[in-house]
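Below you'll find the structure, written out as structure tokens, and then a few comments.
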Amino acid sequence: MRLSADDLHCHRGGRDVFAGVSFAVGSGEALIVIGRNGAGKSSLLRGVIGLVRLSQGRLTLEGGDPELTIAEQTHYLGHQDALKPSLSAAENLSFWAGFFDAPSLDIHGALDAVGLASLAGLPAAYLSAGQRRRLSIARLIAVKRPIWLLDEPTSTLDVAAQGRLTGLMQAHLASGGLIMAATHGPIGLAKTQELRLDQASPSLAQDQGDEQEKP
Amino acid sequence: MNPLAAILVRDMRIAVRVGGGALMGVLFFLVVVTLTPFAIGPDLALLKRIGPAILWLAALLASLLALDRMFAADHDDGSLDLILMGRAPLELVVAVKGIAHWLTTGLPLVLAAPLIGLFLNLDAPAEAALVLTLLVGTPALTFIGLIGAAIAVTLRRGGLLLAVIVLPLTVPVLIFGVAAANAAVIGPVPFGTPFTILCALTLASLVVGPFAAAAALRQEME
Amino acid sequence: MALLDFANPSRFLRFANTTIPWLSGVTLIVFAFGIDQAMIAPDDYQQGATVKIMFLHVPSAWLGMLAWGVMTVAALGTLVWRHPLADVIAKAAAPIGAAFTLLCLVTGSLWGRPEWGTYWVWDARLTSELILFLLYLGVIALWRTVDDPSRAARAAAILTLVGAIDLPIIKFSVEWWNTLHQGTSVFRLGGSKIYPTILIPLFIMAAAFTLLFFTLLFAAARNEILRRRVRTLQLMQASQVT
Amino acid sequence: MGATAHLDFIAAAYAAAVIIVGALLIWITLDYRAQLRTLAELDRQGVTRRSGARRAERTIEQAKAAANAQAKEEA
């Protein structure tokens, strides 16, 4: 499976949010989108799944399920957690599992993977921001989708939770999935490509192995 | 559990929990109907004549005003993004949300109408006609209201704007609803004709509503 | 005053657990006695046997008012004296008050039915009862929309106080509105002179209703305290999990 | 209005009283049981009012109980 895009443009609110963006990420690989605030990282991710209209450029997915659009094979972890405060953690998760038509309803397993198993019955309103974020991440575990788009996944997570997230991401990559994450710092994954958005025409930096801070 | 059932169960659960708006429509309906005699006067004969009209207007306002948070709530907490990424067609998802809203707001109105009709001195045939017309009419009100709720999804003060957008669209339903309800009491026209037109209007809105609302949501999202 | 040192909920729970069985026993006895007295009371010369409905209608009207009174005192407790149990009592009393007011409306409509020919007439007293019922539904709806108990308590307390001030005004304006439209056949509920033979069962039934009210109030307050305890424990559970 | 008609209204009024008060009673008892069940469940999960304190005591008690149970077997 290979998700590639060339010469993507996004024009919104009278200005170019980003222009001339090209990238390609295969299964087992992770692409990190870096840039200052407002560089259009979120818009790029949302553009890939059609939540933001791209004014120009082509997105192709080789190897995915032909009948489904890219969005229907993608998990999107946005800034908001998509949780209903009056529903319990288990109810929220089983709703999303049911809505995304997950074959196996392993709610408890997914909650356990993010360390929230004991809080299954609690209304989401009682959870802390970090716990709500982890509950949102549990959605990615409960429903198997090959592509993960993560928008600042580690925000509001403490060190332990970030470690757990890195483990989950590595497992996803190992199982042949691919990840595209908009983030400020490194997210602890070994093999990553970097896509820097703040230059005029964003270049695709290929750095296998170690992370170096770009000048 | 397939996607549409998941949406229905979720929306019903939220509506009945603390903070949900399940019976708010019925309370509004009761308050509006109780207030009218204070304006018009306690003359039972007059109330009996305009009873169906008051009840229909109150039902119309009650079902519309509860609609503004339908999509806005999902938009604000990020659920709408994910719903758009689901494999279930958006039109059906919107229709199911409409059904969930009708079950928690519209249906209680229909069940409460006969009791509240007593305050306006309606007799048995008038009550029966009222319940029948409301039973058929309220789904149309909800599904037309869906369009307004979808258009007002990103707006902060969606509530009143929703009513202003949608009320003109519901005029046919109101006309034939009240005509059918009155036909059983005083109306020159037999009950059948306005009632069948009301049924036609409802069926049309069951189709037009979701499609228009889904289109509005897609436009709204970019 | 005994009520004041129920500041901490667990002592109130112990008080409730001991008194509720006794209170319900006494309520049953007084009810049995009251209904027996009501049944043997002579028929009213004007309305015949339907006066027996008065033994339900009048006490439930009094209890509807008493419940709002209790809620008003509790509202002052919440806003002025910051008594921790006040809002528990207020939230517990609202549904019970609403139920009694509903009973008053239903019995009133059934009582007037033979005379009016319809189930409802915009009689001044019945209309004021109806507005009180709407006020109750408003407070209950307010309790059911605000999730956090302390915020809900203050909002409901303010609404209850404003309601208490407004009730006499409502009563006056409805009376005036009713006399203004004198056209309708106004039936003075319970207008006939009340003989002692009817007065005694009436007071017994009123006592029975009051006992019933306090039994239900303590039981509902007990539920409310347990519900708050569950909420705090759940919040604590969330904070304990790293 | 015949006298029997009156009886219907009286019966209806008392029936309404029984229904309304009965509904209130049932709701209160059901709610009471539900709260007790949730509280018992929370207690079973060892969620305590004073953070971990009571849970620590309970584990000590269990340890002691296990210890003297063993002692009895050896004796």
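Values quoted throughout were computed directly from the atomic coordinates according to the rules given, and no laboratory measurement underlies them. Quick caveat, the model's predicted, so the values are computed rather than measured. Neighbour counts run over all protein chains shown; Cβ positions are idealised from the backbone, glycine included.
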message: Let me spell out the model: positive unit charges on the Cβ of Lys and Arg, negative unit charges on the Cβ of Asp and Glu, origin at the Cα centre of chain A. What dipole size does that give, in debye rounded to 20?
response: 480 debye
- line: From fewest to most C-beta neighbours within 10 Å, the residues A:V33, B:V131, A:V48, A:V143 line up as B:V131, A:V143, A:V48, A:V33
message: Which residue, B:N121, B:A200, B:H101, has the largest displacement toward the positive end of the dipole of region B:65-222 when charges sit on each Cβ (Lys, Arg +1; Asp, Glu -1)?
response: B:A200
message: Using a 10 Å cut-off around each Cβ, can you sort C:S60, C:S150, A:S88 from fewest to most neighbouring Cβ atoms?
response: C:S150, A:S88, C:S60
field: region A:89-185: trypsin sites (Lys or Arg not before Pro) falling in loop per DSSP and having at most 16 other Cβ within 10 Å
entry: A:K144
message: Which residue fluctuates most in the GNM of chain C (Cα springs below 10 Å): C:W177, C:W143, C:W122?
response: C:W177
field: Residue-averaged beta-carbon neighbours from other chains (10 angstrom radius) around A:27-37
entry: 0
task: Please label the shape of region A:2-205 as rounded, prolate or oblate, based on the square roots a ≥ b ≥ c of the eigenvalues of the alpha-carbon gyration tensor (a/c under 1.5 means rounded; beyond that, a/b larger than b/c means prolate, else oblate).
output: prolate
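What is the mean number of Cβ atoms from other protein chains located within 10 Å of the Cβ atom of each residue in peptide C:103-116, rounded to a whole number?
4
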- request: Evaluate the distance, in nm, between pseudo-label points positioned 7 Å from the Cα of C:V26 and of C:L235 along their respective Cα→Cβ axes.
  value: 3.6 nm
- prompt: So, counting K/R as plus one and D/E as minus one, what does the shell of residues with Cβ under 12 Å around B:S79 add up to?
  reply: -2
- prompt: Which whole-angstrom value gives the distance between the alpha carbon centres of region C:59-82 and region A:123-146?
  reply: 44 Å
task: Evaluate the distance, in nm, between pseudo-label points positioned 7 Å from the Cα of A:K144 and of B:A39 along their respective Cα→Cβ axes.
output: 6.1 nm
- prompt: Summing Lys, Arg as +1 and Asp, Glu as -1, what charge do residues with Cβ under 14 Å from the Cβ of A:G115 carry, A:G115 excluded?
  reply: +2
task: With label points built 7 Å along Cα→Cβ from the Cα atoms of B:L167 and B:L203, find their separation and express it in nm.
output: 3.1 nm
message: With loop defined by DSSP as not H, G, I, E or B, and exposure as at most 12 other Cβ atoms within 10 Å, which is the longest segment of chain A clear of exposed GluC sites (Glu not before Pro)?
response: A:68-212
- request: Just name one of C:S109, B:A140, B:A59: the one whose Cα is farthest towards the positive end of the charge dipole of the protein assembly as shown (beta-carbon charges, Lys/Arg +1, Asp/Glu -1).
  value: C:S109
- prompt: How well do other chains shield peptide B:8-14, expressed as the mean number of their Cβ atoms within 10 Å of each residue Cβ?
  reply: 4
statement: Checked against the positive end of the charge dipole of chain C (+1 on Cβ of Lys and Arg, -1 on Cβ of Asp and Glu, about the Cα centre), the farthest of C:S60, C:T18, C:V174 is C:T18
- prompt: What ranking, highest mean first, results for peptides A:119-127, C:91-99 when packing means the other Cβ atoms within 10 Å averaged over each residue?
  reply: C:91-99, A:119-127
task: With a/c under 1.5 counting as rounded, go ahead and sort region B:3-221 into rounded, prolate or oblate using the C-alpha gyration tensor (a ≥ b ≥ c being the square roots of the eigenvalues; past the cut-off, prolate if a/b is larger than b/c, else oblate).
output: prolate
Helix-only [θ]222 nm of chain B, DSSP H runs n ≥ 4, -39500 (n - 2.57) each, per residue, nearest 500: -25500 deg cm²/dmol
task: Arrange the peptides C:106-113, B:210-217, A:37-44, C:11-18 so that the one whose residues have, on average, the most other Cβ atoms within 10 Å appears first.
output: C:106-113, B:210-217, A:37-44, C:11-18
statement: Residues B:S79, A:S27 in order from fewest to most other beta-carbon atoms within 10 Å are A:S27, B:S79
